[in-house]
Amino acid sequence: MKIAIIVAAGKSSRMKSGCSKQYLPLLGKSVLSHTLSVFEDCSAVDEVMLVVNVDDVEFCREKVVEKYGFKKVSKIIEGGEERQDSVCNGLSFIPPTAEVVLVHDGARPLVTQEILVEAISSLEGWDGVVVGVPAKDTMKIVGGESIDKTLPRESIWCAQTPQVFLTSVLKEAHGKARRDNIYGTDDSMLLERLGYKVRMIMGSYDNIKITTQEDLEVAEGILRKKGFTK
């Protein structure tokens, strides 16, 4: 059994819209609804657990899940203070029959079924799989205003979601991080610190995360190019 945890509990301070980014309209329906539609239509995913802000549970149930008839959403779970806490809350509801868990950002509506299928199939022989893209720009480490080091671009990738893991391994990594009071920038980092094998595979430069108003405009353009209309 393969279960997706979709994390949509952010407060969107950078959007400055008065509305959480996952509920902003994107060509006629919310960002989160676009995201959930991809998982709903993907046969490789059996079930979806949606993690949202504690104040948004009923709103999300009524205005997103019930409105669009998402049958795979089995639970709407209250999120935590940080993203990692929200994922951990979602993991606590994962049944023992789920061998594989996908973690995805609710604000990445341009993920495709093909990416989900490839990420899941790439897990064989590994403990985790991260979808990402090679960095296009030269990356530098900066201290204050001074450049300390230029990183070799050919080995730098920008991590995206979904990230796919063996359920038992991800639960262990999150449990250990909580006991050690460690917060990672993504779920893969929690496995990496324990020495687990995590594979990077090619995602898509279109698979952007909606963080700013400019991101929303870019997403609209990508959807229109793919033929999506209101």
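Of the residues in segment 99-115, how many are under 21 Å from residue 168 (Cβ atoms) and either at pLDDT below 95 or buried (at least 16 other Cβ atoms within 10 Å of the Cβ) (or both)? Even if it seems obvious, please write down each step before you answer.
Step one: list which residues in segment 99-115 are under 21 Å from residue 168 (Cβ atoms), which gives 99-104.
Retained after the next criterion (residues that are either at pLDDT below 95 or buried (at least 16 other Cβ atoms within 10 Å of the Cβ) (or both)): 100-104.
Number satisfying all stated conditions: 5.
Enumerate the strands (runs of 3 or more DSSP E) found wholly within segment 1-101, keeping only those where 3 or more residues are touching a Gly at 6+ places or on another chain (Cβ under 8 Å).
2-8, 47-52
Sort out which residues of segment 184-230 are under 29 Å from residue 167 (Cβ atoms) and among the hydroxyl-bearing types (Ser, Thr, Tyr), and write them in order of number.
185, 188, 196, 204, 211
Could you list, in sequence order, the residues of segment 160-202 that are of a type in the set (S, T, N, Q) and under 20 Å from residue 124 (Cβ atoms)? Walk me through it before giving the result.
From segment 160-202, those of a type in the set (S, T, N, Q) are 160-161, 163, 167-168, 181, 185, 188; that's our starting set.
Residues satisfying the conditions are 161, 163, 167, 168, 188.
The values are calculated or read from the model by the stated rules, or taken from the named source; none is laboratory data. Here the structure is a predicted model, which means the values were calculated and not measured. Cβ sites come from the backbone with ideal geometry, for glycine too, and all protein chains shown count toward neighbours.
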